[in-house]
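Nothing in this text is a laboratory measurement; each read-out follows from the coordinates by a stated rule. Every value quoted in this text rests on a predicted model; they were computed, and no experiment measured them. With ideal geometry, Cβ positions are generated from the backbone for all residues, glycine too; neighbour counts draw on all protein chains shown.
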Amino acid sequence: MNSQPNLICRFILLKTRSNRISDILRRLSLRNKIIGGYAVALSIAVGGTIAGLTLGNYYQQQASTSQDSANQQGQILSDLQVAMLWTLPTREFVPLLKKPQEFEQHKSELSERAEKIKQLINELQGSPQTTATKELDRLLSKDYRVAEKFYQQLEVVLNQIKPQMLQPQSSGAAKKLITDFTGGPEFGAIVSSAYDLTTFIKSAGEQEKKAKDALTEAENLRNQIIAIGMVLSVLFAAVLAFSTSRAIAFSNFQKSKQQKRGLC
């Protein structure tokens, strides 16, 4: 029951304020009206530009951050996949069986390769994007264990190859150790885990593309808001110019009329 009187009171209050504004505008001189009108037009243009820049920069920053994160994650995932597939025992060590020094050198690099894989996995697991993807987080935990076991077992196998086995006449036994290991479960597991990363690498690429599209949309939004502000400003200025010309013409007409009366 009280809602109707409240609405009436609000209407009266708005009407009173509107009348006050109209009275103030009528009391302004033509010069002040022109100045005030162009000030409003300029404010619309400046306000539209500021709003466009503010909103556009905000959404651009968000899209740019998403793009950088997706790009970084995709790059690290690719590096991890390459690192996991880098050590191919048969291809790498069998040709070196007749080159003892190079064989030992490559063998000494295995610990560094294993450490590199762990570092990449730790870096990915520390990323907010990874923690938000449970499947990827589980896969990385699995990759850590698989890589650790692979390099541990490979080191055991290579340590069984004694210097005397690196002679041409006795390299057959060493070759068999390496090829048997390559056909075993440890090597199969690390290859399989590496290829499982492909899905997430593609996903990171898709996210980067979406972020890039969002970046373009943010740029378009900024330009549209600025353009709308400029158009409104021009329209307001055009209306103001038309109204001003009419007001000036009416003022001149009134003065002319008064002068004629004075002559009579």
Here the residues of the stretch 164-200 lying in the modelled label zone of LYS134, meaning backbone nitrogen under 20 Å from a point 7 Å along Cα-to-Cβ, are 197, 199-200
Cut-off 12 Å between beta-carbons: net charge of the residues surrounding VAL156, Lys and Arg +1, Asp and Glu -1: 0
How are the Cα pair distances of the stretch 169-229 distributed, in percent, across 10 Å bins from 0? 18, 19, 17, 14, 12, 10, 7, 3, 1
Less than 12 Å Cβ to Cβ from PRO100, Lys/Arg counted +1 and Asp/Glu -1: what total charge do the surrounding residues give? +2
Environment charge at ILE117 (Cβ cut-off 15 Å; Lys +1, Arg +1, Asp -1, Glu -1): -4
